[in-house]
Amino acid sequence: MTLEARALIITTGVILAFGLAVLYSASALAAVREQHANSFYLLRQLSGVGIGVVLFAIAAKVDAERWRGWAWPILIVAIVLLLIPVLPVPNSIAPRFHGSRRWVNIGFLFQSSEFAKLAVIIWTAMLIVKKGDKLRRLTKGLLPFVLILALLNILVILEPDLSMAMTFTLIMGIMLFAGGVRIGHVVFLGVIAIPLLWREVEKMQYALLRMTSFLNPGDAPVQAGYQLKQSLIAVGSGGLFGVGFGMGRQQLGFVPFPYNDFIGANIGEEWGFLGILFITLVFVAYGWIGFRIAKQARTTFQQLLAIGITFMTVSTAFLHLGVVIGLLPTTGLTLPFVSFGRTNLVMSILMTGILVNIASTRERVVGEHATNPLERAAA
């Protein structure tokens, strides 16, 4: 492995270790209230770490170029998994939690949109490479991406999950920009799409309430801005050094689901400004390493794959942290490697394994990308 690959493994390990400690503190009392052992959520998260490490080891060994040939099958599987929760299927197949159906029961609960993020990255990278110079054309270049993105967004909006629709759009947009798409075409499609999207947002009362509570907190209903208000109280009470591990008050029930959507508030309260700064800098390091890996990738496909994975992980983390300190409206995005959620955790570790493989150097004796030993000797 290269230096970047080793650094990425160490960085990911640091986030995981810190995340498990934060998760235990944020979830222990909630688990007791639900009549579980105080380590209930921690043990479930540890099982996700175990599965993720196995998949990480496999992904780190499998040639990243192979994902290019699997792009269409992976996308089709993702679409089917996203379709199941929006169909009139029994709750045993697609259970409903807190008003949303985002999970599929395949022997265990699996959040299909988390798998779809990987599918979007792989498929977009594959098609950008396949399109080549045609990508700069609107109909034959950009239109196929728009159609697939629209399909995926419609499926997750029906769950409903606007945050994931935003995530899909950001990921594909950044990858298309890196691939050389014409900015004018993107602006043109955005102008067309904004009125349609706003019409859909207006139908979702909770989304409008979140925007109101962010833009005009004084006039927002109490319930709409409750999570954000309690998060700001938690972060503010943490001060510079925090109140101490396990000593936070927000997990007493003031913040709903303190171990998930607002786990960053627990970091701010118990670890203080330095805790927020630490986790921010660790994700900055993850992003810096990931983009270095992308720059040094052996093929264009692997370069785009690394860009997509790195951007998705880091942007999700920064959006989460921006929400808990009041810089952004409430989105419902979790903190990668830290928030409770085994599907997200497993997929994040798996994608890190793909990055490690892209960062690894090896001699190729056959195939399109075979290395020339004479060049290496001359170097």
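The values are calculated or read from the model by the stated rules, or taken from the named source; none is laboratory data. Given the structure is predicted, the values throughout are model-derived calculations rather than measurements. Every residue, glycine as well, gets a Cβ built from its backbone with ideal geometry; the counts of neighbours run over all protein chains shown.
Residues that are modelled with pLDDT of 90 or more: find the helices (runs of 4 or more DSSP H) completely inside region 147-224 holding 2 or more of those.
Once the helices (runs of 4 or more DSSP H) in region 147-224 are filtered for at least 2 residues that are modelled with pLDDT of 90 or more, what remains is 162-179.
The condition of being assigned to a helix (DSSP H, G or I) and in contact (Cβ under 8 Å) with a residue 12 or more places away in the chain does not hold for residue 248. Among the residues of region 313-342, those that are under 15 Å from the mean Cα position of the chain (by Cα) and in a loop (DSSP other than H, G, I, E, B) comprise 331, 332, 333, 334, 335, 336, 337, 338, 339, 340, 341.
Taking region 134-160 as the range and being surrounded by 13 or more Cβ atoms within 10 Å (Cβ to Cβ) and of a type in the set (Val, Ile, Thr) as the test, the residues that pass are 146, 148, 154, 156, 157.
The set of residues in region 276-303 being in contact with a Gly (Cβ under 6 Å, 6 or more places away or on another chain) and within 19 Å of residue 170 (Cβ to Cβ) is empty.
For region 16-109, the helices (runs of 4 or more DSSP H) that sit wholly inside it and include 1 or more residues that are within 18 Å of the chain's Cα centre (by Cα) are 40-61, 71-86. The condition of being in contact with a Gly (Cβ under 7 Å, 6 or more places away or on another chain) and at pLDDT below 90 holds for residue 328. Among residues of region 20-44 that are under 18 Å from residue 247 (Cβ atoms) and touching a residue at least 24 places away in the same chain (Cβ under 8 Å), those with a beta-carbon under 8 Å from a residue that is outside any helix (DSSP H, G or I) and among the aliphatic types (A, V, I, L, M) at least six positions away or on a different chain give the pairs 22/338; 23/338. Of all the numbered requirements in (1) under 16 Å from the mean Cα position of the chain (by Cα); (2) over 19 Å from residue 317 (Cβ atoms); (3) hydrophobic (A, V, I, L, M, F, W, C), residue 170 misses one, and that requirement is (2). The residues on offer are 257, 291, and the sole one that is in a loop (DSSP other than H, G, I, E, B), surrounded by fewer than 23 Cβ atoms within 10 Å (Cβ to Cβ) and not β-branched (Val, Ile, Thr) is 257. So which residues in region 121-158 are touching a helix residue (DSSP H, G or I) at 6+ places or on another chain (Cβ under 9 Å) and polar (S, T, N, Q)? Passing the criteria: 124, 153.
Do we find that residue 356 is at pLDDT below 90, in contact with a Phe, Trp or Tyr (Cβ under 9 Å, 6 or more places away or on another chain), aliphatic (A, V, I, L, M) and assigned to a helix (DSSP H, G or I) in this structure?
So residue 356 does not fit the description; no.
Taking region 77-129 as the range and being crowded, with 16+ Cβ neighbours inside 10 Å and among the charged types (D, E, K, R) as the test, the residues that pass are 101, 102, 114, 117.
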